[in-house]
1. Taking residue 174 as meeting all but one of (1) over 22 Å from the mean Cα position of the chain (by Cα); (2) in a loop (DSSP other than H, G, I, E, B), write down the number of the exception.
2. The conditions are (1) over 13 Å from residue 38 (Cα atoms); (2) modelled with pLDDT of 85 or more, and residue 83 fails exactly one of them. Which is it?
3. Just to be sure I understand, how many residues within the stretch 117-131 are crowded, with 20+ Cβ neighbours inside 10 Å and under 20 Å from residue 161 (Cα atoms)?
4. State whether one or more residues within the stretch 86-98 are under 24 Å from residue 244 (Cα atoms), at pLDDT 85 or above and in the same structural domain as residue 148 (by TED's automatic domain parsing).
5. Going through the stretch 122-155 one residue at a time, which ones are in contact with a helix residue (DSSP H, G or I) (Cβ under 7 Å, 6 or more places away or on another chain), part of a loop (DSSP other than H, G, I, E, B) and under 17 Å from residue 110 (Cα atoms)?
């Protein structure tokens, strides 16, 4: 049940005064604040006073990171979706996902995403160059159902073995012919994430122009054979069965120098340039879809140049869509 104030009534200006008072209290009475995460975007930036509130927060808490749910903030927050072009252009992105398919708070009657679906959604966001926020809605007493905890333990066990391919890595724009192959990188090491296991003992990599010095399969430390055949890189010697039933990672030693084939430049940021693809891909759903913002949320393009990764982006535009399931205008679940 959602809490409702006894004096609650449809008075927007009254609510704004209450909302601004709450922001001021949080920012001035509790010491250093590291971040504020707003939610609810059913109105415009002007109605939310998004730019004004952002400047107030920065005056009181200059180090705080502010999301864009008031339509003016430091980073994009797509919901159950990936702002692929935003991340590729260097903007900070944090995609949020929930363990429950139809709720963010606790509901006993909602279906849950499986561990592979949750893990794959995290890896897709990681490869796109963004952060990943996974939501768990506790019961009224603060406890979590065992089915939820099981998923967290399974993801944690996978990360214990494969964490070097996730923690402290950067996204990588390489896209193989299969969307089930993703890349992250750290220094001279390129990590190839295999969301599905190859049918044979080898796989071809089409986006690399130079063969890595070496390749190893995480979880086994088994060295793999690297070949350069007919303009393609071939990784051979894969075991018949995958080490992990969730996802597997091959670490590629690229210390010999750049191995990437040239990629087309990322789109120039504009109100209609961002592409949100559904963060969880299921066999019963269509392939990821492109979306454009709803017309009543389309604001002028940011008057800024493409920033470097890590630069605060203050823009009054964000991708949006249906509020109940995903941030894509055309939602695969509908």
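1. Every listed condition holds for residue 174 apart from (1).
2. (2)
3. Pass one, the stretch 117-131, residues crowded, with 20+ Cβ neighbours inside 10 Å: 118-130.
So of that shortlist, the ones also under 20 Å from residue 161 (Cα atoms) come out as 118-127.
Residues flagged as crowded, with 20+ Cβ neighbours inside 10 Å and under 20 Å from residue 161 (Cα atoms) within the stretch 117-131 amount to 10.
4. Let us first name the residues in the stretch 86-98 that are under 24 Å from residue 244 (Cα atoms), namely 97-98.
When the remaining residues are screened for being at pLDDT 85 or above, the result is 97-98.
From what's left, in the same structural domain as residue 148 (by TED's automatic domain parsing): 97-98.
The answer is yes, given that some residue of the stretch 86-98 is under 24 Å from residue 244 (Cα atoms), at pLDDT 85 or above and in the same structural domain as residue 148 (by TED's automatic domain parsing).
5. 136 - this is the single residue of the stretch 122-155 that is in contact with a helix residue (DSSP H, G or I) (Cβ under 7 Å, 6 or more places away or on another chain), part of a loop (DSSP other than H, G, I, E, B) and under 17 Å from residue 110 (Cα atoms).
The values are calculated or read from the model by the stated rules, or taken from the named source; none is laboratory data. Since the structure is predicted, the reported quantities are computational estimates derived from the model, not experimental observations. In this analysis, Cβ positions are derived from the backbone assuming ideal geometry, glycine residues included, and neighbour counts consider all displayed protein chains.
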